[in-house]
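Down below is the structure, laid out as structure tokens.
All of the numbers you see were taken from the coordinates with simple rules; none came from a lab. Not measured: the values here are computed from a predicted model. Cβ: placed from backbone, ideal geometry, glycine included. Neighbour counts: every protein chain shown.
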């Protein structure tokens, strides 16, 4: 009888042990996310082309969120939990077991709730002893949990900036409560993250200036003008100059760039399409609103607006429209327009 009882107890303990470690997971592609591939337990995925400004169209299944110091490229993915029944639940955590070589530029982030908000993402631990919770204790029964994986991409420039490919590996721990049951990996190398340099330039309305309208390009109207400077529109200053009047307005230039070894760029402009009546209307530029010079009409010899444009600070310039006060048979009244082209070059 004693032997039978011992055998029975031993068999029961083996059965209990088997049940306790039945919790398992499969990482799968979410219908709205990037593709999860690879073999079971050794999965792979990747974000491909990324940049610190988030410009351009992100890859399929990715959403770009703005955060301090750069952008988050985010994607949902599924964790399918099986073998967790009754009082036995599954807990999942993760850490970055092989970090990006350029870990000051690229970092792995995670989110488990309200993931349309960048504030709810946090960096995944790089310490196996203190992994990041993905499915937190007390865990989940058999179900499909949607979590979010993200890559933080820094917008920094300078000596530590990086452009090129990199990859990382995440290790996933599956627990029965507090007991480790399985260890799996998710490699971010299919495709590799490919850090690109990025440049953008915007124009915006300055305080007390004329409105800058945004579409595919930018537009500004001086409204009704005349050679005597009578009744200027809102946001315009009129100054008498030789041969007529100068209508002027402040506006903002907003350069941005990321991933460059240089921390400054050169900003230039020229009149790429002139007024039909250039003897009566002329565009001029000023850095202070006090002294104006004619804006170049040559793409090969553009007017320099700044030779030290920073990546995240607005530059105030003043755009002037000279209106001649001439009379005679060649004078013009009516509508006219011109186009300025701006160029930002970062070495």
For the chain, treating each Cα as an identical point scatterer without solvent, what Debye log10 I(q)/I(0) comes out at q = 0.12, 0.15 1/Å? -0.88, -1.13
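Full-extension gain between residue 114 and residue 133, please, as 0.36 nm times their residue separation minus the C-alpha to C-alpha distance. Mind showing how you got there, number by number?
Values: separation 19, 0.36 × 19 = 6.84 nm, distance 1.55 nm.
Gain on extension, residue 114 to residue 133, equals 5.3 nm.
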List the residues of segment 286-316 whose backbone N lies under 17 Å from a point placed 7 Å from the Cα of residue 55 along the Cα-to-Cβ direction. 306, 308-315
Below 8 Å between Cα atoms, with a sequence gap of 6+, how large is the relative contact order for the chain in percent? 16
To the nearest 10 degrees, how steep is helix 2-20 against the longest Cα principal axis of the chain, on a 0 to 90 scale? 10
Taking every DSSP beta bridge with both residues inside the chain, roughly what % is antiparallel (nearest 5)? 95
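Tell me, Kirkwood radius of segment 114-218 from alpha-carbon pair distances, in Å?
On the way: mean 1/r = 0.0541 Å⁻¹.
Final number for the Kirkwood radius of segment 114-218 is 18.5 Å.
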Simple label model, 7 Å out from Cα along Cβ direction - residue 301 to residue 145, nm: 6.8
hull vol. (C-alpha, convex hull) per residue for segment 159-203, Å³ -> 166
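Run the numbers for residue 254 and residue 159: contour at 0.36 nm per residue of separation, minus the present Cα-Cα distance, in nm. If you can, show how the numbers build up before the last one.
Details: separation 95, 0.36 × 95 = 34.20 nm, distance 2.29 nm.
Extending this stretch completely gives an extra 31.9 nm.
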Would you mind pulling out the separation of the Cα centroids of segment 116-169 and segment 199-266, in Å? 42
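Kirkwood Rh, Cα Rg: Rg to Rh for segment 229-278?
On the way: Rg = 17.1 Å, Rh = 15.0 Å.
With Rh from the inverse mean 1/r over Cα pairs, Rg/Rh is 1.14.
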What does a probe at residue 325 reach in segment 241-260, counting residues whose amide N is under 20 Å from the point 7 Å along Cα→Cβ? 241-249
Starting from the Cα of residue 214, step 7 Å along the direction of its Cβ; do the same at residue 192; then give the gap between the two resulting points in nm. 3.5
Restricted to Cα positions, what overall size does segment 2-196 have along the principal axes? Three whole-Å values, descending. 76, 30, 28
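Can you check what the Kirkwood hydrodynamic radius comes to for segment 199-345, Cα pairs only, in Å to one decimal? Please list the in-between numbers first.
On the way: mean 1/r = 0.0622 Å⁻¹.
Radius from the Kirkwood sum: 16.1 Å.
Counting alpha carbon pairs within less than 8 Å and at least 6 residues apart, what relative contact order, in whole percent, applies to segment 2-196? Don't skip to the answer; put the middle values down first.
Values: 477 pairs, mean separation 57.4, N = 195.
Rounded, it is 29 percent for segment 2-196.
Per DSSP helix of 4 or more residues, -39500 (n - 2.57); summed, then divided by the residues of the chain. What does that give at 222 nm, rounded to the nearest 500?
On the way: 1 runs with 19 residues, N = 347.
It lands at -2000 deg cm²/dmol.
Cut-off is 10 Å between beta-carbons; in what order do 344, 49, 228, 149 appear when sorted fewest neighbours first? The partial results should precede the final answer.
Working: 344 19, 49 15, 228 12, 149 28.
Neighbour counts put them in this order, fewest first: 228, 49, 344, 149.
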